[in-house]
Structures are given as structure tokens and as C-alpha cells.
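Read through the structure below, which is laid out as C-alpha cells, and then see the notes.
The values are calculated or read from the model by the stated rules, or taken from the named source; none is laboratory data. It should be emphasised that the depicted structure is a prediction, and the values quoted were computed from it without experimental measurement. Cβ placement follows ideal geometry from the backbone for every residue including glycine, while neighbour counts extend to all protein chains displayed. The area values use the complete protein model at the heavy-atom level, side chains included, leaving out ligands, DNA and RNA. Shrake-Rupley method; radii C 1.70, N 1.55, O 1.52, S 1.80 Å.
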Amino acid sequence: MGQSVKPWQRLVTWAETFATPLATAGVVLLLVVLILLDKGALRDKVLRLLGSNLYRTTDALGDAAQRVSKYLTMQLVVNATYGIPMALGLLLIGVPGALVWGLLAAVLRFVPYLGPMIGAIFPVTMAFAVDPGWDMVLWTVALIATLELISNNLIEPWLYGSSTGMSTLSLILAAMFWTALWGPIGLMLSTPITVVLLVLGHHLPQLRVLEVLLGSQGVLDESTRLHQRLLAGDVESAAELAVHHADEVSPEAFYDEVALGALRLASSGYDTMATAEHRHRVISGMERVLEELREQYPPPANQPTQVACIGGRWAVDSLAADMAAHVLSLHDIGARVVQVGITSPDYFARLDLKGVEMVCLCYFSPDPTTLAKYFVRRLKRHWPNVQVILAAWNFQTEDAEGDPVQTIGADALVTSLGELVAQSKSRLTRADGMPYLPAPLPEKERARLAALHASGVLDAALRGRFDAIAKRAADAFDTPFALVSLISDDWQITHGDASAAGRPAVGEPERGVPRPLSMCGHVAAGGETLVVPDVLRDPRFAANPVLKERGIRFYAGAPLQGDDGLVLGTLCLLDTEPRTLTPRDVLLLENMATEVMSAVEKRVAQQGDDKAPAGTAALPAGA
């Protein structure tokens, strides 16, 4: 005979069942309160523990807060788009308490995985209890299933996007770990906590393992994947990867972004880690990949040969020359590959370059100066009218001493196939071989000029404000020059200059350079931010006389857009050394350009609605 359970014992059992999750929830709530009361000091301690690089750790914490905030906001929107239709649908079906069940379903969806199932039990149970038949139950189940399908397959992917950056497997593992640690509360907080860990792993090298384990991004980039497939002898997968990338973007993009990167990896280990078998697999495999791409994207037939592509030293150089010839042919530039033998005087004497206007000499060596100098000198001796472009795929601009083009004796240096195509088009169409593209005119030029005069941006009283913004931009990006430039019909005029900060705050805009020579004119025509890392290597601007005279090597300009979207000018940065901008830097520059136009709007508002804007003032003489 089993012993009877007394009421007080049953009450204790129930209390023990609910005590653990309630205690865990209480501890978590207490921790949250304590963290919020002392969040400033805790943030400083975290910054101290994560490393001495204050810039990196500050960015990491800011990025984590932004991602978690975006995730929670999107989760609230997703839950609302689920709960409201649920309540309305149950109300139409006739389930009692429809509004309560809709609200409960929306709240419970904050609990991953288990919440939606628990929220579905209540309306189905109520429908089963109140309806003697099965109609209400079936309609309720169909409503819940439809909302789940729409929410999981349409609403959540659309709104969440890449807000977390976590893989599906890491989400499930995180939910299991934090549930085991903290119970239901841990399940609710699993995604935000793991997102913070993922962001810290992205920004901090010592925690990079977290990004590899938790992130949704591929661990290997496309170039490394291609190189690994070639090393493993998996040519079919390598060819499939190549064709897929070329179909999605273009063959040129595959060669530039993936294939050259794979050959860079191969060349870096050519004499060290790679064995003879490794080298054979990479070379033979890449040859088959190139054959596959030539079959998929055949060049036009019967093109006259204008460019001869020559591999400088290794087999990988010849593969790069083959890629260059294919890309040039796809751009309607006749090109062929010339095989290199022993570079003796007899070789150059026998070299057939009849009809060739330009030679592309390809090297993967980090410093091809000695080899290329010898080759170019011998080539120029036998073919003095042929232009030589040195394609140094591994060349590092910041490590170069002096001008490598002048040292080697080549006509230009490129490090990508995009630069090679641009240089070829420019040099094959201009007899003087000096690449330079004048600033074009936008389609709505008349409307743009009218907006320039009517916007108020020419107001003389804005010069001090524009000088301050330009000075702040120059300081933020550490550049010697920053300008607020406006594009008139014939001139680029300057209304803000970082180097002139401190001059009188009121003054008319000053005439700058002729519009055809203006890089800001290209921004006005294109309507988008323009970044030129190295002016001397960009065929559009390499021979610009104004830039050469002033020694400008870097340019970045963000458009100043009026209310109608027309570009009135730019906030631009200039430097005498080559440099690059990250996507976040570009976004910051564009935000500062928006600040320029905000200053104009504020000035116009101060003048009053009944007064004509001062921006209708006359331009400088001749502008």
C-alpha cells in the first residue's frame, strides 16, 4: 500500500517545481538592476579588460550595442506582425479571449523555439473546449500554421536580415548552453548575449575564435577556397566555383577578386611550403579553370592584336597573363599571350610584336624591379614604340621606394585587371599615351545650376561655418587638405577650406580650377561618393595637370545634394600620399557632407520666409 501524500507535502512539491525558475529569474533581474545602476563603471572595466587599444574596444562595444538593439527592435516588430493577425483571426473564428491569446502569442515569441509552441497551445485548447465539433479547432490550427509559415519564411528573413550575423547552428547551440545555465531566462537572453560575444570576436584579435565559431560568414574567402580546391586536386569544384562567381558578377570580377588572390597565395608559398606536387596541381588545375571560362565566355573572333600579355618569370605569371588577355578580349581589345623563353638577346630579336601597340608584363614577385627593369630595357631597345604596362599583382605601394615606374622604365604600373583595362583603353585611344578624362556634364545640368543659385549655399555668411566643417574633416581623416567645393557652369569654386580656417567668417566663394580639370566635377556628374586611392594609378586622372602640379595622390569627395537630389558640390579630402578609406570612413564623410547642407538649410531658415535667400548672390567673376 502506497503512503498517502498529505496536502502540505503536495504544496511543497509544487513550490520546489516553481522555485528554481523563479529564483533564477530573480537572480537575473537583480543582476540587470545592479548592472544598470553601475553601467558606467562596468563599461570602463570591460574596456580595461579587453585590451589597451581603446579605439578598437570602443568600436566593439558600440557595434555590439547597435546589433543587439537592432535585433530586439526587429524582434518586437516580428512579434507584433504575428500577434495582431493572430488576435484578429481568432476573433473572426470565434475563439473566446482572442485578444488575450494574440497578446500572449506575441509575448511568448520572445522565448526562442519554445515560446511559439506554448503560445499555440492556449487558443487550440480553448477552441477544443468550447466547440462540440472540430471546425473551430481546425480553423485555429490552420491560422497558427499559416502565420508561422509567413513569419518564419517571409517576415523574419526580411526584417532580421544580417542583424545578428550568427549562423543557425550557433543560435541553437547558444540556446542550449544558456538554457542549461539559466533556464527559461537564459533561453530568452541567449541570442543577445551570443551576439555580443560574436561582435567582440570580430573586433578583438584575442577573441577571434568566437567569430569563427559563431559567425555566419564564410571562414575562408573565395580566393582561399579556390586555392584549397586546387591544392586538393578538386578541379571540378574549382571550375564550378569559378563559373558560379563569373555568372553572378562577371569573368573580370572573378579573375580580379578570386583567381589573382589564389595565385598570390600560390606564389607566396612557391619556394617554401609548396612541394612539386602542390605546384603541379595548382598550375594544371588553374589551366583547366581558365579553359572552362574561355568556353563559357568566348572572346570575339578575328580581333586584331593590340596588346601582348607576357608572364614574367614563373608559371603563375603566365596564368595571370592568360587571364589578362581574356579580360582585354572581352572588352574588345585584341590581346594574345606571348610565351617567354630564356630572356637572351636572341629571344628579344625573335620576339614577334608586329601590330602590337602595348605589352602587359605580368609578375607575382613582391619586388619585380630588377627582373622587370632588364626585360623592359631589352624590349624597348628592339621595339621602341611599344608601350609597356607592368602588372605587378603583389606590389605594395606603401613599401615602394621612389617611383617604380620611372625606375623600371615602364609606361604605367597596375595591380588589378580593372586598372589594366582602364589603362589599355586610355592608351590605345590617345596618341600621346597620357590618360586623362575631363569631368562630364550631368544630364540635368540646367536644373542643377538653377538649384545651385537658389539653394542658399553661395551665401557669403556661410564661409566661416564651411571652413570649420572642412577643418574638422581634415582633422578626422588626417589629411592636409579638405574643401567645400561647388560646381558652377565653368569652374569649381571653393567656399570652405580647412587650410584657411581662421580667416573672416564672411566672404564670397573663390574660383578654383576649371571644371574640366575638377575631380569634384566627376562627383557632380555621377551623383555618388568618389574615392581615388592613388591618382597616379587611375587612368582618369593620372595626367591631370592640376593634380600633377600640386602633387595630389589621393582624393575622396562626398556629394552635397539639394532637396531635389541634384549635386551642387562636394565635401572633399585631398592628400599628397596614396591612401584608402574603409566603408565606415566613407559613411562618415557622407554624414559630414549632409552636415554642410544642414548648415545651409539653417541659414536659409534664419533669413525668414519673406526674404530672398542670400544664395542668389552672384558667382565670382568668370564662374
Inset, instruction - With an 8 Å cut-off on Cα pairs and a minimum separation of 6 or more residues, tell me the relative contact order of the chain in percent. - result: 8
Inset, instruction - List every residue whose amide H lies under 5 Å from the amide H of LEU560, counting only residues 5 or more places away in sequence or on a different chain, with H placed 1.01 Å from N in the peptide plane. - result: LEU568, GLY569, THR570, LEU571
Legend entry - Vicinal HN-Hα couplings computed from phi for segment 406-411 (Karplus, 6.51 cos²θ - 1.76 cosθ + 1.60; Hz; Gly/Pro x): 5, 5, 6, x, 7, 8
Legend entry - Gain upon complete extension [ARG381, THR73; 0.36 nm per residue less C-alpha separation]: 104.0 nm
Legend entry - Extension gain (nm, one decimal) between THR125 and TYR113, 0.36 nm per residue minus Cα-Cα: 2.3 nm
Legend entry - For the chain: accessible area per residue (Å², 1.4 Å): 53
Inset, instruction - Rounded to whole Å and ordered largest first, report the semi-axes of the equivalent ellipsoid of segment 267-326 derived from its Cα gyration tensor (root of 5λ). - result: 26, 15, 6
Inset, instruction - Express in Å², to the nearest 10, the accessible area of LEU149 obtained by rolling a 1.4 Å probe over the protein heavy atoms while all chains stay in place. - result: 110
Legend entry - Largest-first ellipsoid semi-axes for the chain, taking √(5λ) over the Cα gyration tensor eigenvalues, angstrom: 57, 39, 24
Inset, instruction - Read phi for every residue in segment 165-173 and hand back ³J(HN,Hα) as whole Hz from Karplus 6.51 cos²θ - 1.76 cosθ + 1.60, θ = phi - 60°, with x for Gly and Pro. - result: x, 9, 7, 4, 4, 5, 4, 5, 5
Legend entry - Helix-only CD estimate at 222 nm, as mean residue ellipticity for the chain, using -39500 (n - 2.57) per DSSP H run (n ≥ 4): -18000 deg cm²/dmol
Legend entry - Karplus (6.51, -1.76, 1.60) ³J(HN,Hα), θ = phi - 60°, over segment 55-61, in Hz, Gly and Pro reported as x: 5, 5, 5, 5, 4, 5, 5
Legend entry - Size-normalised alpha-carbon gyration radius of segment 12-152, reference 2.2 N^0.38 Å: 1.47
Legend entry - Distance (nanometres) between label positions extended 7 Å along Cα→Cβ at THR58 and THR576: 3.0
Inset, instruction - Calculate the radius of gyration of the Cα atoms of segment 195-352 to one decimal place, then report Dmax, the largest Cα-Cα distance, as a whole number, both in Å. - result: 18.8, 65
Inset, instruction - Quote the convex hull volume per residue of segment 49-93, based on C-alpha atoms, as a whole number of Å³. - result: 45
Inset, instruction - Give me the distance in nm between label points sitting 7 Å out from Cα along the Cα-to-Cβ direction at ASP490 and GLN9, one decimal. - result: 10.6
Legend entry - With every protein chain in place, segment 513-608: carbon and sulfur % of accessible area (1.4 Å): 52
Legend entry - Accessible surface of segment 96-236 [probe 1.4 Å, protein heavy atoms]: carbon and sulfur percent: 74
Inset, instruction - Could you work out how far apart the two model spin labels at GLN296 and THR275 are, taking each label as a point 7 Å from the Cα in the direction of the beta carbon, and quote it in nm? - result: 3.1
